[in-house]
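Asks: Take a look at the following structure, please.
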Amino acid sequence: MILYTPVPLEQVFQGIEDVKCPEEVVVGDMTLQVEMLAQGEARVVRLISPRAEDYMNPAYMPGTVFRLTR
């Protein structure tokens, strides 16, 4: 990636250390990228699935909070 900017790199990348990478959870054929919350809960950040109908399921919509169980 090439970034052309007159802004100093220190300002461009300010706060990058605080960015959390989402964790991946596999549910059936789907992969969910989730943000971990307190007490075993997770918030859906992104859904990755080969099936179009999975994207229509409101239970896996980005922003949905659910409890993780094993």
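The values are calculated or read from the model by the stated rules, or taken from the named source; none is laboratory data. As the structure is a prediction and not an experimental result, all values here were calculated from the model. Positions of Cβ are backbone-derived with ideal geometry, glycine not excepted, and every protein chain shown enters the neighbour counts. For the accessible areas, the whole protein counts, side chains as well, though only heavy atoms, and no ligand, DNA or RNA atoms are used. Shrake-Rupley method; radii C 1.70, N 1.55, O 1.52, S 1.80 Å.
Asks: Restricting the first residue to the stretch 48-63 and requiring it to be at positive phi, which pairs with a second residue that is surrounded by 10 or more Cβ atoms within 10 Å (Cβ to Cβ) meet a Cβ separation below 7 Å and a spacing of at least six or different chains?
Replies: Listed pairs, sorted by first residue: G63/R43; G63/V44.
Asks: Follow-up. From the residues in the stretch 1-28 that are assigned to a strand (DSSP E or B) and β-branched (V, I, T), which one is surrounded by the most Cβ atoms within 10 Å (Cβ to Cβ)? Steps first, please.
Replies: Taking the stretch 1-28 first, the residues assigned to a strand (DSSP E or B) are 23-27.
Subsequent filtering for residues that are β-branched (V, I, T) retains 25-27.
On the way: V25: 15, V26: 9, V27: 13.
Among residues in the stretch 1-28 that are assigned to a strand (DSSP E or B) and β-branched (V, I, T), the one surrounded by the most Cβ atoms within 10 Å (Cβ to Cβ) is V25.
Asks: Does D54 satisfy the condition of being charged (D, E, K, R), over 16 Å from T69 (Cα atoms) and surrounded by 13 or more Cβ atoms within 10 Å (Cβ to Cβ)?
Replies: Working: charged (D, E, K, R): yes; over 16 Å from T69 (Cα atoms): yes; surrounded by 13 or more Cβ atoms within 10 Å (Cβ to Cβ): yes.
Yes, satisfied.
Asks: Is it true that some residue in the stretch 55-63 is within 16 Å of the chain's Cα centre (by Cα) and part of a strand (DSSP E or B)?
Replies: The answer is no, given that none of the residues of the stretch 55-63 is within 16 Å of the chain's Cα centre (by Cα) and part of a strand (DSSP E or B).
Asks: At pLDDT 90 or above and open to solvent by 100 Å² or more (accessible area, probe 1.4 Å): does that describe M61? Show your work before the answer.
Replies: Details: at pLDDT 90 or above: yes; open to solvent by 100 Å² or more (accessible area, probe 1.4 Å): yes.
Criteria met by M61.
Asks: Please tell me if D18 is touching a strand residue (DSSP E or B) at 6+ places or on another chain (Cβ under 8 Å) and either of a type in the set (D, E) or free of Cβ contacts under 8 Å to residues at least 24 places away in the same chain (or both). Show your work before the answer.
Replies: On the way: touching a strand residue (DSSP E or B) at 6+ places or on another chain (Cβ under 8 Å): no; either of a type in the set (D, E) or free of Cβ contacts under 8 Å to residues at least 24 places away in the same chain (or both): yes.
The answer is no for D18.
Asks: Can you pull out the residues in the stretch 29-51 that are closer than 22 Å to L68 by Cα and either open to solvent by 100 Å² or more (accessible area, probe 1.4 Å) or in a loop (DSSP other than H, G, I, E, B) (or both)?
Replies: Passing the criteria: D29, L37, A38, Q39, G40, R46, S49.
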